[in-house]
Structures are given as C-alpha cells and as structure tokens.
Amino acid sequence: QVRLVESGGGEVQPGGSLRLSCAASGNIFRVNSMGWYRQAPGKERELVAAITSLGSTNYKNSVKGRFTISRDNAKDTIYLKMDSLKPEDTAVYYCNANLVVTGGYIAMNYWGKGTLVTVSS
C-alpha cells in the first residue's frame, strides 16, 4: 500500500503565507515526479507545481514567483511554500506522486486526500 499524506493547509489573509507538506510512504521502490494540484469549488482540478526526482520544476503561470516547490528525496516528501496568497488561491490542494511500488514494473499515479487552503480577509 502507498499513502500520500498532506499537511499545512489552513486559513490565511490575502498577502499571507502557508507551507504545505506531502509525505509518501509504503512499499515504494522509486518515486518519479511529485506535484501539487488544486481544485476550487465548481472548477476542475489543475496542476499548481511539479518537481522531478532530479529537481526540475514546473509551475502554473499564475503562481510563478509566489509559490516554490521543493523536495526531499530521502524522505519522499515534497513541500509547497506559498507566499503573497490571493483569494483566488483558495482551493483543496492535492498531492500527487508518480511512482513504482516494490516488485512493480510500471509507474502509477497516486493521490493524497487533500488539504484545504482558504485565503480570506
């Protein structure tokens, strides 16, 4: 079994900051890319930021310069530092990992249960 556990969500005022964490655990052989997605009420889930095992990153245009994704490969953990938060950043943030389980041959996508981020005055 593989688990992705997110933490760090909450409510913050516009202009504030939050740091999300996501730890992958279980019978993992290799973790490839990991990333953060978000889904606002009434909208589709969208990619926010992603990072490869070598540290290459990719960001949604609207968060560039405000959000920073990082990764600790030894802990199979990623982080999302969110600065200058805006009300439109309000959403449930989901962690995603593309990984190969022990004894497996094919990389598959796994999801966390999500953590709510609310930006409101």
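Between 26, 103, 42, which gets the highest mean-square fluctuation from a Gaussian network model of the chain, Cα cutoff 10 Å?
Answer for the Gaussian network model of the chain: 42.
So what's the net charge close to residue 23: Lys and Arg +1, Asp and Glu -1, counting the other residues with Cβ under 15 Å from its Cβ? Don't jump to the answer; show the numbers that get you there.
Working: positive: 3, 19, 71, 75, 113; negative: 6, 72, 76.
Net of charged neighbours comes to +2.
Can you bin the chain into rounded, prolate or oblate? Criterion: square roots of the alpha carbon gyration tensor eigenvalues sorted a ≥ b ≥ c, rounded for a/c under 1.5, prolate for a/b above b/c, oblate for the rest. Mind showing how you got there, number by number?
On the way: a/c = 2.13, a/b = 1.88, b/c = 1.13.
Here the chain falls in the prolate category.
Mind listing the phi-derived Karplus ³J(HN,Hα) values for segment 12-25, rounded to whole Hz, using 6.51, -1.76 and 1.60 with θ = phi - 60°, and x for any glycine or proline?
9, 7, x, x, x, 10, 9, 10, 9, 10, 9, 10, 9, 8
Taking loop as defined by DSSP and a crowding limit of 14 other beta carbons within 10 Å, which GluC sites (Glu not before Pro) in segment 1-44 fit? Let's see the in-between values first.
On the way: sites: 6, 11, 44; in loops: 44.
Listed in order of number, the matching sites are 44.
Give me the accessible area per residue for the chain, probe 1.4 Å, as a whole number in Å².
Numbers: 6690 Å² over 121 residues.
The answer is 55 Å² per residue.
Order 90, 57, most accessible first, counting only protein heavy atoms with a 1.4 angstrom probe. Please report the intermediate quantities before stating the final value.
On the way: 90 40, 57 70 Å².
Ranked from most to least accessible, the order is 57, 90.
Within a Cβ distance under 12 Å of residue 80, other residues only, what is the Lys/Arg minus Asp/Glu net charge? Walk me through the numbers on the way to the answer.
Numbers: positive: 19, 38, 60, 66, 71, 81; negative: 6, 83, 89.
It works out to a net charge of +3.
Eight or more residues apart or on different chains, and alpha-carbon atoms under 18 Å: count the Lys pairs in the chain matching that.
Numbers: 43/60; 43/86; 43/113; 60/81; 60/86; 64/81; 64/86.
Count of close lysine pairs: 7.
Pick from 81, 60, 43 the residue whose mean-square fluctuation is largest in a GNM of the chain, springs joining Cα atoms under 10 Å.
Highest fluctuation among the options: 43.
Report in % the part of the accessible area of the chain that belongs to carbon and sulfur, leaving out ligands and nucleic acids; probe 1.4 Å. Kindly include the intermediate steps, with their values, before the conclusion.
On the way: 3260 of 6690 Å².
Ligands and nucleic acids excluded, carbon and sulfur reach 49 percent.
Using only protein heavy atoms and a 1.4 Å probe, report how much of residue 83 is accessible, in Å² to the nearest 10.
Estimated to the nearest 10 Å², residue 83 gives 50 Å².
Amide H of residue 60: which non-local residues (sequence gap of 5 or more, or other chain) have their own amide H closer than 5 Å, using H built in the peptide plane?
The list, which skips near neighbours in sequence, is 49.
The values are calculated or read from the model by the stated rules, or taken from the named source; none is laboratory data. Source: prediction; values computed, not measured. All Cβ positions, glycine included, derive from the backbone under ideal geometry; neighbour counts span all protein chains shown. All accessible areas refer to the heavy atoms of the entire protein, side chains included, with ligands and DNA or RNA removed. Shrake-Rupley method; radii C 1.70, N 1.55, O 1.52, S 1.80 Å.
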